[in-house]
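Novice: One structure coming up, written as structure tokens, with questions to follow.
The values are calculated or read from the model by the stated rules, or taken from the named source; none is laboratory data. A quick note: this is a predicted structure, and the numbers were derived from the prediction, not measured. Glycine also receives a Cβ, built like all others from the backbone with ideal geometry; neighbour counts cover every protein chain displayed. Just so you know, the surface numbers come from the protein's heavy atoms only, side chains and all, with ligands and any DNA or RNA stripped out. Shrake-Rupley method; radii C 1.70, N 1.55, O 1.52, S 1.80 Å.
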Amino acid sequence: IVMPVFILLTFFYIVAEESNLKNRFGRVYDHYKRTTGLILPVLYQSARYPVTLFFRYFFRYNVKNSELIPDSPPYFIVSEHKNYLDPFFIAAAVHHPISYLTTYEVYRSPVLRWLMKKLFSIPRKRFRPDHTSYRMMTEITENGGVIGLFPEGERSWTGETKNFKP
């Protein structure tokens, strides 16, 4: 009898607290709510720890100069793009969810589209101005988010740094 009553009271408390936090913090709280789970963590947060352990075991992953990562958002992370695992390596080092700019072609597949949305990715059309992605980036930074950029625009197959895209 105690457990169902406790669950019900917890539910009512969560609903009341959500309403108060929404009134107090507005859009910043909406962004926070999207990047964390109500009761269970979102896919991004729950996958971060197993991925980090996997990297440490198989790649001897180690974060250096972690004091250079800001303690609180908003901020940008700008990095070279050497391979497909770069976003995951960076996400394992940073404690805040990162919204990476991702090529729009990835969103053609329904499964990848769902996954990219769950990972807070921002679709970006290549080779032309994309005002929608700019607005999304502005909204995320204004609400206390982190943006991940690979200014080369694509992976480097030779390991050399390419020219940055405008």
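Novice: Filter the range 1-17 down to residues that are in contact (Cβ under 8 Å) with a residue 24 or more places away in the chain and of a type in the set (Gly, Ala, Ser), then give me how many there are.
Specialist: Number satisfying all stated conditions: 0.
Novice: Hey, Val63 hits all of (1) part of a helix (DSSP H, G or I); (2) of a type in the set (Val, Ile, Thr); (3) in contact (Cβ under 8 Å) with a residue 12 or more places away in the chain but one; which does it fall short on?
Specialist: (1)
Novice: Looking at (1) part of a loop (DSSP other than H, G, I, E, B); (2) farther than 17 Å from His31 by Cβ; (3) within 19 Å of the chain's Cα centre (by Cα), find the lone condition where Arg128 falls short.
Specialist: With (1) part of a loop (DSSP other than H, G, I, E, B); (2) farther than 17 Å from His31 by Cβ; (3) within 19 Å of the chain's Cα centre (by Cα) applied to Arg128, the lone miss is (3).
Novice: Within the range 148-160, can one find any residue that is assigned to a helix (DSSP H, G or I), at pLDDT below 90, open to solvent by less than 40 Å² (accessible area, probe 1.4 Å) and not β-branched (Val, Ile, Thr)?
Specialist: no
Novice: Could I ask something else about it? Output the number of residues of the range 75-110 satisfying the condition of being more than 21 Å from Ser156 (Cβ to Cβ), outside any strand (DSSP E or B) and either of a type outside the set (A, V, I, L, M, F, W, C) or touching a Ser or Thr at 6+ places or on another chain (Cβ under 6 Å) (or both).
Specialist: 7
Novice: Residues Arg48, Arg24: which one is open to solvent by 50 Å² or more (accessible area, probe 1.4 Å) and either at pLDDT 85 or above or in a helix (DSSP H, G or I) (or both)?
Specialist: Arg24 is the lone residue from the list that is open to solvent by 50 Å² or more (accessible area, probe 1.4 Å) and either at pLDDT 85 or above or in a helix (DSSP H, G or I) (or both).
Residues are listed down the side, and each one gets a yes or a no for (1) under 23 Å from Leu53 (Cβ atoms); (2) of a type in the set (Val, Ile, Thr):
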position	(1), (2)
Phe88	yes, no
His95	yes, no
Ser99	no, no
Thr102	no, yes
Glu142	no, no
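Novice: Over 22 Å from Phe164 (Cβ atoms) and at pLDDT 90 or above, is that true of Phe55?
Specialist: For Phe55, the condition - over 22 Å from Phe164 (Cβ atoms) and at pLDDT 90 or above - is met.
Novice: Could I ask something else about it? Which one is farthest from Tyr32 (Cα to Cα) among residues in the range 106-145 that are of a type in the set (Phe, Trp, Tyr) and open to solvent by 70 Å² or more (accessible area, probe 1.4 Å)?
Specialist: Phe127
Novice: What is the number of the single condition among (1) out of contact with any Lys or Arg (no Cβ under 9 Å at 6 or more places or on another chain); (2) in a loop (DSSP other than H, G, I, E, B) that Met116 does not meet?
Specialist: Evaluating Met116 over (1) out of contact with any Lys or Arg (no Cβ under 9 Å at 6 or more places or on another chain); (2) in a loop (DSSP other than H, G, I, E, B) leaves (2) as the failure.
Novice: For the range 72-105, which residues satisfy the criterion of being open to solvent by 40 Å² or more (accessible area, probe 1.4 Å) and among the hydrophobic types (A, V, I, L, M, F, W, C)?
Specialist: Listed by number, the residues that qualify are Phe76, Val78, Leu85, Phe88, Phe89, Leu101.
Novice: With (1) surrounded by 11 or more Cβ atoms within 10 Å (Cβ to Cβ); (2) farther than 16 Å from Val94 by Cβ as the list, and Ser19 as the residue in question, which single condition is left unmet?
Specialist: (1)
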